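The values are calculated or read from the model by the stated rules, or taken from the named source; none is laboratory data. What you see is a predicted model; the values in this text were computed from it and never measured. Heads up, the Cβs are rebuilt from the backbone with ideal geometry, glycines too, and the neighbour counts pull from every protein chain shown.
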Amino acid sequence: MNNRHDVIEQVSPINLVFEGHAISAQEGETVVTALLAANPGYTGTSPVSGRRRGPYCLMGVCFECLVEIDGLPNQRACMVLVRGNMTIRRQNGLRPLKPRGLQK
């Protein structure tokens with residue numbers, strides 16, 4: 001029977017950049033899992049109070065883990081799988097959404 005450590009050794013490592021610092025992740029992890037393992041302290045700030053926030057529900061419901069991924073804001077880190085060379089930044093406050101399909 002395999003244990004978790006046997007499975008981890010078979011997975012390819014992936015390099016990410018968070019706030020200008022290199023962090024490593026494992027293939028198949030979510031962005032929030034990689035961030036929590038790297039212990040960033042917080043992932044963004046509240047749009048209302050400006051207080052620091054971090055992942056809470058880890059299943060896409062609370063939106064506390066919003067980050068900017070490869071220049072695209074409002075990404076739920078708990079719902080996005082890591083890819084090689086991702087650039088992740090803290091999201092400070094709410095970023096405007098660009099309407100899809102309405103641009104001329």
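Below are the figures for this structure:
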{"read-out": "Selection count where residues are assigned to a strand (DSSP E or B) and free of Cβ contacts under 8 Å to residues at least 24 places away in the same chain, scope segment 12-25", "value": "5"}
{"read-out": "Residue count for segment 26-38, restricted to those that are part of a strand (DSSP E or B) and either within 13 Å of residue 90 (Cα to Cα) or of a type in the set (Ser, Thr, Tyr) (or both)", "value": "1"}
{"read-out": "Candidate set: segment 40-95, residues that are among the β-branched types (Val, Ile, Thr) and over 23 Å from residue 28 (Cα atoms); chosen: the one surrounded by the most Cβ atoms within 10 Å (Cβ to Cβ)", "value": "45"}
{"read-out": "Among residues of segment 36-95, those that are touching a strand residue (DSSP E or B) at 6+ places or on another chain (Cβ under 6 Å) and aromatic (Phe, Trp, Tyr), counted", "value": "1"}
{"read-out": "Residues satisfying the stated conditions in segment 26-39, i.e. polar (S, T, N, Q) and crowded, with 18+ Cβ neighbours inside 10 Å", "value": "30, 33"}
{"read-out": "Matching option when the condition is of a type outside the set (A, V, I, L, M), over 14 Å from the mean Cα position of the chain (by Cα), at pLDDT below 90 and part of a loop (DSSP other than H, G, I, E, B), among 50, 41", "value": "50"}
{"read-out": "Residues located in segment 44-73, provided they are of a type outside the set (Gly, Ala, Ser), in contact with an Asp or Glu (Cβ under 8 Å, 6 or more places away or on another chain) and within 17 Å of residue 18 (Cα to Cα)", "value": "53, 55"}
